[in-house]
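The values are calculated or read from the model by the stated rules, or taken from the named source; none is laboratory data. Everything numeric in this text was worked out from a predicted model, so none of it was measured. With ideal geometry, Cβ positions are generated from the backbone for all residues, glycine too; neighbour counts draw on all protein chains shown.
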């Protein structure tokens, strides 16, 4: 009799646990539903609409007219679009290199400071610029580059380097490179923190073994730290490429794409086509080209950059 009662109690407890787990499962997914609704409404739906309208001739007001692949054929023969692609390709190569290597180097230096307090202080100092709005930073750099009263030309004149003085944003040969230089010394706070977190995840025993083997700091950096933060490198590489391909604000504020088309990028060209020329269909075709390029580059990075710390099935 006692065993039967015990079995009934155990069965009742199992049912309660099962019911509680089922309730938690349903309630968890239920709380995600509003987020999915907002994501679909404001992210996926506009993207699907853009795919459809990229095959049309649409001015944003009248009924769109289906044109098939005509918008994409037009882009392939569009001199301005090809210039913008060349510019963003060069910009991406240079910016990816500096925004990966410099934050990683600074993160390693901070990580190996003996004082934890100084580590914290330096992290805060490098992260403080995040609170400055991007548009404000661009306007400050516009003042720095001013050919008449700008800080850069004034400094060069003071140092007696008059031969180097330039109209930095007005010369089509150097305007794009001047935009690339914005953000110097390129210690991107987000990248710095991601790399620092990656370094913290490295086991202390690895550093102790390296120290016992008498490994130098340079060898430690290239043979231990870089391979063990490749997961962070992959993440930052993908995000940096996406951000650069979608870049609109910087060239719009500082050069408006000029002089001529020397600082045009696809995102800026898309903006001009849609909101200045009223060619929304062609503008959406540009956005689809950017999307496909980002998708391909992301796939290549996910396929061929394999951190040694990632689990492989």
Task: Condition check for residue 253: in contact with a helix residue (DSSP H, G or I) (Cβ under 9 Å, 6 or more places away or on another chain), within 15 Å of residue 96 (Cβ to Cβ) and assigned to a helix (DSSP H, G or I) - done: no
Task: Test: residue in the range 55-78 that is surrounded by 11 or more Cβ atoms within 10 Å (Cβ to Cβ) and closer than 30 Å to residue 231 by Cα - done: no
Task: Evaluation of residue 186 against (1) closer than 22 Å to residue 234 by Cα; (2) under 24 Å from the mean Cα position of the chain (by Cα); (3) loosely packed, with under 14 Cβ neighbours inside 10 Å (one fails), failing number - done: (3)
- [ ] For the range 115-132, indicate whether the set of residues that are more than 18 Å from residue 249 (Cα to Cα) and assigned to a loop (DSSP other than H, G, I, E, B) is non-empty.
- [x] yes
Open item on the list: For the range 33-60, give me each residue that is part of a helix (DSSP H, G or I) and in contact with a helix residue (DSSP H, G or I) (Cβ under 7 Å, 6 or more places away or on another chain).
Closed with: 50, 51, 53
Task: Condition check for residue 268: at pLDDT below 90, surrounded by 15 or more Cβ atoms within 10 Å (Cβ to Cβ) and either in the same structural domain as residue 144 (by TED's automatic domain parsing) or in a loop (DSSP other than H, G, I, E, B) (or both) - done: no
Task: Residues located in the range 86-109, provided they are surrounded by fewer than 20 Cβ atoms within 10 Å (Cβ to Cβ), in contact with a helix residue (DSSP H, G or I) (Cβ under 7 Å, 6 or more places away or on another chain) and more than 18 Å from residue 182 (Cα to Cα) - done: 108
Task: residue 190 being closer than 30 Å to residue 86 by Cα and assigned to a helix (DSSP H, G or I) - done: yes
Open item on the list: Please go through the range 148-187 and give me each residue that is free of Cβ contacts under 8 Å to residues at least 12 places away in the same chain and not in a loop (DSSP other than H, G, I, E, B), ordered by number.
Closed with: 151, 154, 155, 156, 157, 158, 162, 163, 164, 177, 181
